[in-house]
1. Could you pull out the residue among V287, V323 that is assigned to a strand (DSSP E or B) and free of Cβ contacts under 8 Å to residues at least 60 places away in the same chain?
2. Would you check if I110 is among the β-branched types (V, I, T), surrounded by 22 or more Cβ atoms within 10 Å (Cβ to Cβ) and touching a strand residue (DSSP E or B) at 6+ places or on another chain (Cβ under 8 Å)?
3. Could you list, in sequence order, all residues of segment 84-99 that are part of a loop (DSSP other than H, G, I, E, B) and either in contact with a Phe, Trp or Tyr (Cβ under 9 Å, 6 or more places away or on another chain) or open to solvent by less than 30 Å² (accessible area, probe 1.4 Å) (or both)?
4. Take E128 and tell me if it is outside any strand (DSSP E or B) and of a type outside the set (A, V, I, L, M).
5. When you look at L168, is it more than 29 Å from T298 (Cα to Cα), open to solvent by less than 30 Å² (accessible area, probe 1.4 Å) and not hydroxyl-bearing (S, T, Y), yes or no?
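The values are calculated or read from the model by the stated rules, or taken from the named source; none is laboratory data. The shown structure was predicted, so the numbers you read here are calculated from the model rather than taken from an experiment. In this analysis, Cβ positions are derived from the backbone assuming ideal geometry, glycine residues included, and neighbour counts consider all displayed protein chains. These accessible areas exclude ligands, DNA and RNA; they are computed on the full protein's heavy atoms, side chains included. Shrake-Rupley method; radii C 1.70, N 1.55, O 1.52, S 1.80 Å.
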Amino acid sequence: MNYSDIKFDCLYFKQELPCKPHKEQGVSCIDCSVYKPVQKRVLIVKLGALGDVIRTTPLMKALEDKYGTCHFTWITHSPAIIENTRAQKVIPFNGLNFSILQLSEFDIVINLDKEKEACLLATHVKAEEKFGFFMNGNQIDGFNAHAQEKILTGVDDGISQLNTKSYLEEIFNICELTFDYQEYEINLNHALVDKWNTNFNEIKEGKTIIGLNTGCGPRWKTRLWPVAYWVELAKNLKEQGYFVLLLGGAQEDEQNKQIASESGAHYAGHFSLEEFIALSANVDVVVTQVSMMMHIATALQKKMVLMNNIFNKHEFELYKRGVIVEPSTSCDCFYGVTCSRERSCMKDISVEEIATNVNKLAEVTA
C-alpha cells in the first residue's frame, strides 16, 4: 500500500494507529469493505456536570440524521460516560487538549457550556459552522438567537420560570436541529450488567425492583427528601411485595445504611460510576430527586418517579416514561441553595403520593 492509498477521510481512520477494522478483520485501505467516508467532523464541548454531559448525547443521532456520517470529537470533564458510545474521540479537558483543538479544523463546533474556558475554546477553534456560546470580548455571547435566548433564561428568573421548553428542545434549537425524542446514549459495561442481573435474580425472588436514589449531591440540598420519608417509603413498597434497592454514592453511604437498617430494604453499597450504571440497569422503576441518577435512569430508559421543587419542571424530558411529583404547597426558592421557609417544601411531597405513582409505573413495566 502506498501513502496515496490511505483514506484519511474514513470514519475509522486513527491517524497514528491502525484502525479497528484493520486490526480485527485485516482489511486494507486499498480495497477496504467497510470504508466509511465522513461527511461532517463535529466537535462537542460539554464540560459541566456529568448529568449535563449525558443529556447532550441525543444530539449525535440528530446530527447524523441531518448530515450523514459524522466523526464526533468530545471534550469533557467526564470522558468515561461518553466512551464507547457513538463518539469516535473522547478527550478530557486540559491545557494540552485545549491547545491541540485550537489548531485543529472541524466542520461544526457545538459549545453548550457558558463557562469562560469552554467559550474561549469555541471562539478560537476553526470551523465552518458554530453553535452555542462563545466569548465576545469580555462577555459570553450566543452564536445565534436561540443561544442568546438561553443566556437570557440564565440571568433572569422570571423569564426562566415562564419557559415551557425542555432542556433538550432548547439545545436542539440552539443547534438548528429538530428534537424527535432521540434517546440519551451512555457508556454501559454489559458484563457488569449481567453480573448484577445474576446477583439480583438470586435474591429478589421474582419481585419487581424499585430503586430508591436517596441523595442529590451537595450543591442544592434544598432538593433533599427527609430520611424518615425514605424509610417509610421503603417499608410501604416492601409490604406491597416489591424488592426495594437503595441507590447512592459515597455521600449517601451512611444514610443508606440507616435506611436499610430501619426499613429492611436492600443496600449493596456504593461503587464506581461504571458499576453503579450497570447495577442501575437492572432496576425496573427509579425514585429520585433531581440528580445525576435522573439522567442515568433516563439514559437506561427506566420508568421514573422524579421529585422536583426548585427547578422549572418543563426542563426535564422523561420520554413519556416517568412522572414528576412536586410539593403540594409549591416552592418559594427557584434554583435556591437554601430554603426560605422554616419547614422545607420537600416535606409536602407525601410517601403515599410517591408510592401511588410507583405502583402505576410498575404496572406498565410488568
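1. Numbers: V287 fails: free of Cβ contacts under 8 Å to residues at least 60 places away in the same chain.
Going through V287, V323 in turn, the sole match is V323.
2. Values: among the β-branched types (V, I, T): yes; surrounded by 22 or more Cβ atoms within 10 Å (Cβ to Cβ): yes; touching a strand residue (DSSP E or B) at 6+ places or on another chain (Cβ under 8 Å): yes.
Criteria met by I110.
3. Residues of segment 84-99 part of a loop (DSSP other than H, G, I, E, B): 84-88, 93-94.
Within segment 84-99, T85, R86, A87, Q88 qualify.
4. Values: outside any strand (DSSP E or B): no; of a type outside the set (A, V, I, L, M): yes.
In short, no.
5. On the way: more than 29 Å from T298 (Cα to Cα): no; open to solvent by less than 30 Å² (accessible area, probe 1.4 Å): yes; not hydroxyl-bearing (S, T, Y): yes.
So L168 does not fit the description; no.
Every residue, every condition in (1) of a type in the set (G, A, S); (2) over 22 Å from I100 (Cα atoms), yes or no:
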{"residue": "F8", "(1), (2)": "no, no"}
{"residue": "D31", "(1), (2)": "no, yes"}
{"residue": "A62", "(1), (2)": "yes, yes"}
{"residue": "G68", "(1), (2)": "yes, yes"}
{"residue": "E83", "(1), (2)": "no, no"}
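Listed here are the residues, each with its yes/no results for (1) touching a His at 6+ places or on another chain (Cβ under 8 Å); (2) more than 21 Å from P327 (Cα to Cα); (3) open to solvent by 30 Å² or more (accessible area, probe 1.4 Å).
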position	(1), (2), (3)
V193	no, yes, no
F200	no, yes, no
G206	no, yes, yes
A228	no, no, yes
V231	no, no, no
A234	no, no, no
A250	yes, yes, yes
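This table checks each residue for (1) closer than 21 Å to N189 by Cβ; (2) modelled with pLDDT of 95 or more; (3) among the acidic types (D, E).
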| residue | (1), (2), (3) |
| --- | --- |
| A260 | no, yes, no |
| S263 | no, yes, no |
| F276 | yes, yes, no |
| S280 | yes, yes, no |
| V287 | no, yes, no |
| V290 | no, no, no |
| T298 | yes, yes, no |
| V305 | no, yes, no |
| I324 | no, yes, no |
